[in-house]
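Contents: one structure, followed by commentary.
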There are 2 protein chains.
Amino acid sequence: MELAQIRMFKTVANLGSVAQASVALHCVPSNVTARIKALEAELKVSLFYRQGRGLCITPAGEVFLTYAEKILALTEEAKRAVDPTSEPSGPLRIGAIESSATSRLPPMLTKFHAQYPNVELQFKTGTWSQLVDDIQHHRLDGAIVAVNIDRPFLDNTTFFNEDLVLISSASADPIKSVKDIEGKAIFMWPEPCPYRAALATWLNQNKVKAPITSIASYGTIIGCVSAGSGISLVPKGVYEQYQSGMGLVGYEFEELVTIENRFIWRNDGGQFPALDAFTQMIKQNNHGE
Amino acid sequence: MELAQIRMFKTVANLGSVAQASVALHCVPSNVTARIKALEAELKVSLFYRQGRGLCITPAGEVFLTYAEKILALTEEAKRAVDPTSEPSGPLRIGAIESSATSRLPPMLTKFHAQYPNVELQFKTGTWSQLVDDIQHHRLDGAIVAVNIDRPFLDNTTFFNEDLVLISSASADPIKSVKDIEGKAIFMWPEPCPYRAALATWLNQNKVKAPITSIASYGTIIGCVSAGSGISLVPKGVYEQYQSGMGLVGYEFEELVTIENRFIWRNDGGQFPALDAFTQMIKQNNHGE
DNA sequence: TCCATCATTCATTCCAAGTGAATACTGACC
DNA sequence: GGTCAGTATTCACTTGGAATGAATGATGGA
């Protein structure tokens with residue numbers, strides 16, 4: 001069974017004549033006859049009564065006609081659904097590093113979902129290297145990372161600039177300069193983490209030594225700092241989110257420069273309305289600030 | 001777009017590999033590649049990411065896959081729906097003369113509907129010549145008539161034997177023999193009507209003259225007879241239906257033989273489960289009496 | 001690094017879809 | 001009632017597109 005046959009059958013059924021159908025289908029009547037006979041042979045059922053001029057659909061033909069219409073309508077719908085110029089729809093898989101995921105991204109996602117309800121957003125968090133790998137292997141369509149990735153297969157744009165805040169327990173001694181960090185326990189995300197790298201560079205440049213403990217969770221890091229066990233360097237968004245009621249103090253240093261969070265995505269294809277809409281929204285959002 | 005392409009696409013999408021799909025489809029890999037590329041060209045969209053070995057479905061491909069599954073499932077369903085060996089379903093168009101329609105047929109139809117709920121029964125009444133014409137021109141699938149039709153394109157079987165009853169108003173003089181009819185007004189269905197023909201033959205044989213008025217409605221005929229305006233010859237079923245409360249008297253004469261009501265249908269094809277089931281039920285019904 | 005495996009390209013083969021003339025038939029019209 | 005326009009169908013033929021098989025390039029694992 002082929003769609004060409006089904007189209008022919010539908011045309012003949014609607015027009016009630018092989019002759020009229022043949023002009024509508026831009027082919028010769030004998031061809032229409034042959035292909036419909038082939039269809040009947042495959043279904044092992046007569047689709048039309050033949051007597052005198054014209055054809056008359058059989059009950060089985062009537063039943064088949066309803067299916068034919070459904071099938072042809074579905075193919076048209078499928079064509080429209082994958083049209084690259086159509087409205088964004090289908091699945092869109094976005095990833096982000098933890099800090100963006102818990103602070104800046106959620107408003108973005110809700111806004112996007114409100115504007116494009118037909119897009120089925122899927123979301124996951126990971127380290128920047130995991131995310132880049134996911135994008136490269138088509139497990140993700142795009143991601144927010146805090147490093148400036150430069151790969152030939154990736155495009156990127158600024159998402160927002162994130163200030164870093166050194167946090168400590170309010171009950172601990174205040175940190176007025178880098179020297180005050182000497183010997184303190186530091187809680188940071190495991191490598192590779194650009195914030196951790198920024199902090200390490202700063203300490204190295206000032207020849208300050210302090211042990212860094214790896215913790216892969218902002219919640220746990222904040223908990224440790226709040227308990228007075230040590231300090232950490234976190235994005236301002238995260239600090240603001242946890243600040244109240246945790247007894248935290250934040251210190252900003254001009255040497256700890258703001259770190260740019262970027263949205264990255266594959267630059268092949270370009271026939272993905274949902275992704276285009278997402279990058280567009282990010283660019284607009286960024287431009288508006 | 002063709003079903004062969006859609007099947008190939010689905011296979012490749014499910015197996016994630018042209019090589020595996022080609023063995024599943026019993027063809028050569030290059031063919032799979034070519035046809036999927038043609039499909040992508042027609043849709044103007046990439047269905048798969050190509051990088052390294054294996055294929056990875058694109059978001060557009062994901063969307064198209066859901067349609068592909070639906071379309072293929074529908075074609076299978078259509079095939080099953082028209083299977084001549086399958087359960088009766090679809091439309092079944094039955095006709096009957098008025099007398100059967102109002103008395104003997106309704107229990108038959110309700111029984112059939114109960115047993116084959118998937119069959120969509122369509123029903124109409126008409127004269128036997130109209131009904132035969134409707135069947136010949138495929139506007140009906142079968143009909144009940146009161147004459148023994150012998151056409152090369154029709155099969156027939158006994159439905160039931162209908163006794164005829166001469167009816168008169170209870171307030172009128174009783175009719176003891178054919179002579180009592182002389183001069184009375186007679187109400188009958190218009191020609192061609194086998195009951196009318198039977199009555200006319202009886203009167204002619206006995207050289208009784210009586211004017212026959214044509215009325216194409218049992219309800220009206222009964223009304224006229226009930227009002228004492230004249231007499232009529234009706235099937236016993238109709239008489240019994242209207243008997244109570246209408247002040248009617250029925251007279252049976254052995255010269256007015258029972259008339260056989262028969263079910264007729266086209267004898268071509270034979271690939272129509274719903275019709276087969278109906279004739280089967282009629283034969284069983286008849287055999288049981 | 002080599003090698004097995006994969007997708008793809010290309011020239012070729014082959015089959016089924018399409019063609020066009022001939023035929024038989026029907027229904028309408030004079 | 002006979003003619004004729006219009007119908008579906010059959011058949012031999014052509015053709016376009018699908019299928020093939022070998023060659024190529026690229027990839028990932030050993």
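The values are calculated or read from the model by the stated rules, or taken from the named source; none is laboratory data. Predicted, not measured: the structure shown is a model, and the values here were computed from it. With ideal geometry, Cβ positions are generated from the backbone for all residues, glycine too; neighbour counts draw on all protein chains shown.
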Checked A:G228, A:G237 against criteria (in contact (Cβ under 8 Å) with a residue 12 or more places away in the chain, outside the structural domain of A:E98 (by TED's automatic domain parsing) and part of a helix (DSSP H, G or I)); the one match is A:G237
From the set of residues in the stretch A:250-273 that are closer than 25 Å to A:S129 by Cβ and within 13 Å of another protein chain (Cβ to nearest Cβ), which is modelled with the lowest pLDDT?
A:G269
Search the stretch B:76-114 for residues being in contact with a Gly (Cβ under 9 Å, 6 or more places away or on another chain) and among the basic types (K, R), and hand back the single one that is modelled with the highest pLDDT.
B:R93
Please find, within the stretch B:240-265, the residue that is farthest from A:E62 (Cα to Cα) out of those that are touching a Gly at 6+ places or on another chain (Cβ under 8 Å) and part of a strand (DSSP E or B).
B:F263
Being within 7 Å of another protein chain (Cβ to nearest Cβ), surrounded by 21 or more Cβ atoms within 10 Å (Cβ to Cβ) and outside any loop (DSSP other than H, G, I, E, B) narrows it down to one residue among B:I71, B:I94; which is it?
B:I71
Condition first: buried (at least 17 other Cβ atoms within 10 Å of the Cβ), under 17 Å from B:D163 (Cβ atoms) and not aromatic (F, W, Y). Can you find one or more residues in the stretch B:200-211 that meet it?
no
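Does the stretch A:50-66 hold any residues that are crowded, with 18+ Cβ neighbours inside 10 Å and either in contact with a His (Cβ under 9 Å, 6 or more places away or on another chain) or not β-branched (V, I, T) (or both), and which are they?
So in the stretch A:50-66, the residues crowded, with 18+ Cβ neighbours inside 10 Å come out as A:55, A:57-61, A:63-65.
Of everything in the stretch A:50-66, those that are crowded, with 18+ Cβ neighbours inside 10 Å and either in contact with a His (Cβ under 9 Å, 6 or more places away or on another chain) or not β-branched (V, I, T) (or both) turn out to be A:L55, A:I57, A:T58, A:P59, A:A60, A:G61, A:F64, A:L65.
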All but one of (1) touching a Lys or Arg at 6+ places or on another chain (Cβ under 7 Å); (2) farther than 18 Å from B:F253 by Cβ hold for B:E182, so report the exception by its number.
(2)
Those residues of the stretch B:36-52 which are within 12 Å of DNA strand C (Cβ to nearest atom) and in contact (Cβ under 8 Å) with a residue 24 or more places away in the chain amount to B:I36, B:A38, B:L39, B:L47, B:F48
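Residues in the stretch B:125-135: is at least one at the interface with chain A (Cβ under 9 Å from one of its Cβ atoms) and without any contact (Cβ under 8 Å) to a residue 60 or more places away in the chain? Give the steps one after another, and end with the answer.
To start, the set of residues in the stretch B:125-135 that are at the interface with chain A (Cβ under 9 Å from one of its Cβ atoms) comprises none.
No, that holds for no residue.
Does A:S214 satisfy being of a type in the set (S, T, Y) and either within 30 Å of the chain's Cα centre (by Cα) or within 14 Å of A:L164 (Cα to Cα) (or both)? Give the derivation first.
Working: of a type in the set (S, T, Y): yes; either within 30 Å of the chain's Cα centre (by Cα) or within 14 Å of A:L164 (Cα to Cα) (or both): yes.
Taking the combined requirement at face value, the residue satisfies it.
Yes/no matrix, rows are residues, columns are (1) surrounded by 18 or more Cβ atoms within 10 Å (Cβ to Cβ); (2) at pLDDT below 90:
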position: A:V119; (1), (2): yes, no
position: A:S129; (1), (2): no, yes
position: A:D133; (1), (2): no, yes
position: A:R139; (1), (2): no, yes
position: A:T157; (1), (2): no, no
position: A:F160; (1), (2): yes, yes
position: A:V165; (1), (2): yes, no
position: A:S169; (1), (2): yes, no
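Go through the stretch B:12-21 and give me each residue that's buried (at least 20 other Cβ atoms within 10 Å of the Cβ) and within 47 Å of the chain's Cα centre (by Cα). Before the answer, list the steps.
Kept after step one, since they are buried (at least 20 other Cβ atoms within 10 Å of the Cβ), are these residues of the stretch B:12-21: B:12-13, B:18, B:21.
Of everything in the stretch B:12-21, those that are buried (at least 20 other Cβ atoms within 10 Å of the Cβ) and within 47 Å of the chain's Cα centre (by Cα) turn out to be B:V12, B:A13, B:A21.
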State which residue pairs qualify: first residue outside the structural domain of B:E191 (by TED's automatic domain parsing) and touching a residue at least 60 places away in the same chain (Cβ under 8 Å) and inside the stretch B:88-101, second residue part of a helix (DSSP H, G or I) and among the hydroxyl-bearing types (S, T, Y) in any location, beta carbons under 6 Å apart, and separation of 6 or more residues or different chains.
B:E98/B:Y218
Checking B:I181 against (1) among the β-branched types (V, I, T); (2) surrounded by fewer than 19 Cβ atoms within 10 Å (Cβ to Cβ); (3) over 27 Å from B:P106 (Cβ atoms); (4) touching a helix residue (DSSP H, G or I) at 6+ places or on another chain (Cβ under 8 Å), which single condition isn't satisfied?
(2)
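If I filter the stretch B:154-165 for residues that are in contact (Cβ under 8 Å) with a residue 40 or more places away in the chain, within 14 Å of another protein chain (Cβ to nearest Cβ) and either farther than 30 Å from A:E62 by Cα or in contact with a strand residue (DSSP E or B) (Cβ under 6 Å, 6 or more places away or on another chain) (or both), do I get at least one hit?
Initial filter on the stretch B:154-165 (in contact (Cβ under 8 Å) with a residue 40 or more places away in the chain): B:154-165.
Narrowing further to those that are within 14 Å of another protein chain (Cβ to nearest Cβ): B:154.
Retained after the next criterion (residues that are either farther than 30 Å from A:E62 by Cα or in contact with a strand residue (DSSP E or B) (Cβ under 6 Å, 6 or more places away or on another chain) (or both)): B:154.
The answer is yes, given that some residue of the stretch B:154-165 is in contact (Cβ under 8 Å) with a residue 40 or more places away in the chain, within 14 Å of another protein chain (Cβ to nearest Cβ) and either farther than 30 Å from A:E62 by Cα or in contact with a strand residue (DSSP E or B) (Cβ under 6 Å, 6 or more places away or on another chain) (or both).
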Quick one: which of B:K44, B:K79 is within 36 Å of the chain's Cα centre (by Cα) and either among the aromatic types (F, W, Y) or within 12 Å of chain A (Cβ to nearest Cβ) (or both)?
B:K79
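Of everything in the stretch B:1-35, what is assigned to a helix (DSSP H, G or I), of a type outside the set (D, E, K, R), touching a residue at least 24 places away in the same chain (Cβ under 8 Å) and near DNA strand D (Cβ under 10 Å from one of its atoms)? Give them in sequence order. Talk me through it step by step, then tell me what you get.
First, pick out the residues of the stretch B:1-35 that are assigned to a helix (DSSP H, G or I): B:3-15, B:18-24, B:29-35.
Remaining after also requiring of a type outside the set (D, E, K, R): B:3-6, B:8-9, B:11-15, B:18-24, B:29-34.
So of that shortlist, the ones also touching a residue at least 24 places away in the same chain (Cβ under 8 Å) come out as B:3-6, B:8-9, B:12-13, B:18, B:32.
Listed by number, the residues that qualify are B:A4, B:Q5, B:M8, B:V32.
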Pairs returned, first residue in the stretch A:55-79 that is without any contact (Cβ under 8 Å) to a residue 12 or more places away in the chain, second residue that is among the aromatic types (F, W, Y) and not in a loop (DSSP other than H, G, I, E, B), beta-carbon separation under 8 angstrom, 6 or more apart or interchain, are A:L74/B:Y67; A:E77/B:Y67; A:A78/B:F64; A:A78/B:Y67
